[in-house]
Structure formats: structure tokens, C-alpha cells
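Here's the structure we're looking at; comments come further down.
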Amino acid sequence: MKKTISVLVTMLLGLMGTYAWAGSAREDTVDRLQMSVEVLHAIMNTPDKGIPEEVLSDAKCIVVVPHLVKGGFIFGGKHGRGVASCRTSDGWSAPAFVSVGGGSWGLQIGVEGVDLVMLVMNEQGFQHLLADKFQLSGEGSAAAGPVGRHASAGTDWKMNTEILTYSRSKGLFAGITLEGAVVEQDNDSTRAIYGKNMSFRTILSGKATAPRSTEAFMEAVSHAGQKAAIAEAREDKK
């Protein structure tokens, strides 16, 4: 009898731990979605010191990693979790959850948290993102993106670059190079929001329905894309 009770208690504690973990993972992911919304709003509210309208309107996918942590002494690292969405024939895809990590080298002291935005600009970059895991500057060609209301005509971002990368610190955006960073699917967050594992390809190709908890993020992505396209069209008419 005592043994049976002990087994039942152990099972109950295990289930409680599982539910507690699921609740915590969901809360963390929802918070991350809200922080990503704030970053997207910041993009549209700082046109002169933000991401150029034509760059944003041409992007195939938007990846937002709020509070990417960089730090270390001599040898450093970076890690963060974020959210991605890609254009489809029916609008923007449901959000996919990403993890960004990797090493960096150089003289650096301290820890810094920045918001990271990655814009996938062409089909090759899109295919890399669908692969669930790829390395920036390795399999995926990434470059620091231009900043300002409009991109310089002399840059090659439109033709050659797969992914443009930006950092946001103290309200301002700047191009950033993420040497060796690895982008992969965040399976814990995916399960927390969708209730099961789903691949990047399924979600970002438009084959998944966006859960209600992601509505604010989806509205922010759609608004940012539409506003950038309208602004670019007005500029073309001048």
C-alpha cells in the first residue's frame, strides 16, 4: 500500500512539474512576443534612424530577437530567442520561434542586451531559414543592413545579400555583423504556443494557423510591412 501511494505521489509531482514548466514556457514566450511587438513599433516610429522603408517592404521574412545578450571578457558569446514571420500568398505567415546563439572573438568586457532584427531578402535566404538550422556568414550570407529613411543606391543589399542584420540599443537601430551566429528553431517555445512540434517549413510557408496569443505580433508585422510599402510607393511617385 505504501509503495502504491509512493508511486502515485511521484507521478503526481512529475505531472505538476510538467504543467509548471509548460506554463512558464508559455508565459516566457508570450512575453517575448510582446517585446517583439515593441521592437516592430520602434522600427516604424524612428524612420530617420531606423530600417529603410524600401528594405523593409522588400523583405521576405522578418525575424525579431528582443534582448539578445552579448558579453564576456576576451572571448564572448551571444544568445537570444525570438520570433519570425514570412510573406506568403495570403499575407504573413504564422510566427515561428527561433533561437540565436554562437561565439564571437575580440576585445570585449561586460554584458550588453540589444534587440536584434534580421530581414531575409531573397529566396536563398528564405530556404536557409526553412532548413530549421543554419549559420550566419557560413551557410547564410548576412551583412549589416543600411540605416535611415532610405537605403543608399550604391549598396548591394537588393541583389546579393540573403539576410540584413540590425541591432537596436537605446532606441536607435544600427547595422550589425553576427559572425558565426547559429539560427535554429526554438522547439520549447513552439510547443508552448502551438501545443506540439511544428517545423519552420510548415509554419513559415503559411500552412499553420496563428494562435490567438500571437495576434498582436501578427498585427504589428502586417502593419509594419504595409506602412513601409505605402511609404515607398509615395516616394516613387515624387
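Key figures for this structure:
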{"read-out": "Some residue of the range 154-174 being surrounded by fewer than 20 Cβ atoms within 10 Å (Cβ to Cβ), over 15 Å from the mean Cα position of the chain (by Cα), at pLDDT 80 or above and β-branched (Val, Ile, Thr)", "value": "no"}
{"read-out": "Within the range 44-79, tally of residues that are at pLDDT 85 or above and surrounded by fewer than 23 Cβ atoms within 10 Å (Cβ to Cβ)", "value": "4"}
{"read-out": "Near pairs, Cβ below 8 angstrom, 6+ apart or cross-chain, from the range 100-129 (closer than 17 Å to Cys61 by Cα and modelled with pLDDT under 90) to any residue that is part of a strand (DSSP E or B) and of a type in the set (D, E, K, R)", "value": "Val100/Lys78; Val100/Arg81; Asp115/Arg168; Leu116/Arg168"}
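The values are calculated or read from the model by the stated rules, or taken from the named source; none is laboratory data. The structure presented is a predicted model; accordingly, all values stated were derived computationally and were not measured. Every residue, glycine among them, receives a Cβ derived from its backbone with ideal geometry; neighbour counts consider all protein chains shown.
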